[in-house]
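The values are calculated or read from the model by the stated rules, or taken from the named source; none is laboratory data. Being a predicted model, the structure only gives us computed values, none of them experimental. No Cβ is skipped: glycine too gets one built from the backbone with ideal geometry, and neighbour counts run over all protein chains shown. Please note that ligands, DNA and RNA were not included when accessible areas were found on the heavy atoms of the full protein model with its side chains. Shrake-Rupley method; radii C 1.70, N 1.55, O 1.52, S 1.80 Å.
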Amino acid sequence: MATEIVNVKEFQELARQALPKMYYDYYSGGAEDQYTLRENMEAFCRIQIQPRILVDVSKIDMSTTVLGYNTSAPIMIAPTAMHQLAHPEGEVATARAAAACNTIMVLSYMSTCTVEEVASSCNAIRFFQLYAYKRRDVSAQLVQRAERNGYKAIILTADSPRLGRREADIKNRFHNDVLYFPIGLISAIKPLQDIGWLQSITKLPILIKGVLTCEDGKIAMEVGVDGIIVSNHGARQLDYVPASISVLEEVVHAVTGKVPVLFDGGVRRGTDIFKALSLGAQAVLVGRPVIYGLAAKGEYGVKRVVDMLKDELELSMALSGCPSVKDITRSHVRTERDRVQSML
C-alpha cells in the first residue's frame, strides 16, 4: 500500500524517483555551493508566528486579488522552465491545474508548450514571463503573442544578464542550447530603456522580477513598473545572496504601497505563505513544488500541491486569528531583527 503524501515537501522525493537524474538535478539544483538554495527555506524557520486567539475564525476567507484579478488564495504558480521534461503534458497540465485551483499561472519564456497551446487549454488567468533580449523584435513578437492570447501581465525577469553557475548541470552536461537557455540572446536590463520600451509596445501591466534590495525597489518605482517580485531566481543565479524572505520587508518599505509586491523563493508550507504575507507580500509564487507535483502525478499532482498549500494557509490563518487575508499584519510575525532590537 502506497504511503499517503501529507505535505508538499514529500513530492520532491517522488519527483526524484520519477525523473532521469539529469532532469531532477536541473530542477532541484542551485548555484555553486547552494548556500542560498538552502537558506531560502531555512530563513523561514527563523521567523516566528505570533498568533492572536480572541478572534472569531469560524469562517476563513483566503481569496484576494492580484493586479485586480480574483484568485482563490494568495498563491501563484511561478515561471519555471521546460515542464515537458517533468511530464509529457507539460505546461498545459500545469495551466489546467491552475484553472482548477482558481489561481494565477505565470508561463515561462522557456516553456515547452507554446503560448497558444497553454492559452487554449483552459481558462486560467495567465501572466507571461520575459527576459530582456538583445534583439527587440524577439521581445516584441513574444509580447504580442501573449497579448493576443489573453495573458494579463508581463513579468520581466531582471536578474539574468548571464547564467548562474549550476554545477550539477555542468557535471551532467546539460547544456544543449536547443533544450537549455539561449543566453546569447539575453542582455542586462537597462531600466529606463528596456522597461520604457516595453511600456511603449504593450498595454499590459509590467512587473519586474529579481529585486533583492530597497535600492532596486526604488529604481523600479522610478521607471514606472506595475509590480515588483522579490526573488533570487530560486537561488540559481548568484550564490550567497540573501534568502528572499529576509529582504522582503525592506523592499516593501521602499515601495511604500504604490505597487503590489509579490514574493518568490523557498515556499514549502502554508506557514511560509503566512509569514510572507505578514511581511508585506500581496501573494507568493511557488516554483519547484509545482514541478515536483507535475513530475510525480501530472496535472493532479500540481493541483494537489496548490491545494495542500491552501489548506495549510487556511489553518495557519485560523490558528493565528486572521479570518481574511487583509487581517494578516506585521504584528503576526517576529523576525530575527525584531528579537535583536528587543534586546537593545
Matching residues in region 80-124 - criterion: being in contact with a strand residue (DSSP E or B) (Cβ under 7 Å, 6 or more places away or on another chain), surrounded by fewer than 19 Cβ atoms within 10 Å (Cβ to Cβ) and among the small types (Gly, Ala, Ser):
none
Check Ser331, Ser320, Ser324, Ser278 and return the single one that is over 26 Å from Ala81 (Cβ atoms) and touching a Pro at 6+ places or on another chain (Cβ under 6 Å).
Ser320
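Within region 243-344, considering only helices (runs of 4 or more DSSP H) that don't extend past its boundaries, which have at least 3 residues that are buried (at least 20 other Cβ atoms within 10 Å of the Cβ)? Full working, then the answer.
Working: elements: 244-255, 270-278, 288-320, 336-343.
The helices (runs of 4 or more DSSP H) meeting that bar are 244-255, 270-278, 288-320.
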Working carefully through the options Lys310, Lys275, find the one that is in contact with a His (Cβ under 9 Å, 6 or more places away or on another chain) and either of a type in the set (A, V, I, L, M) or within 30 Å of Leu14 (Cα to Cα) (or both).
Lys275
Can you confirm whether region 31-47 contains a residue that is closer than 30 Å to Val325 by Cβ, within 24 Å of the chain's Cα centre (by Cα), in contact (Cβ under 8 Å) with a residue 60 or more places away in the chain and not in a helix (DSSP H, G or I)?
yes
Filter region 125-141 down to the residues that are at pLDDT 95 or above and open to solvent by 10 Å² or more (accessible area, probe 1.4 Å), then identify the one that is nearest to Asn102 (Cα to Cα).
Ile125
Looking at region 231-242, which of its residues are farther than 16 Å from Phe44 by Cβ, touching a Leu at 6+ places or on another chain (Cβ under 9 Å) and either charged (D, E, K, R) or assigned to a helix (DSSP H, G or I) (or both)?
Arg236, Asp239
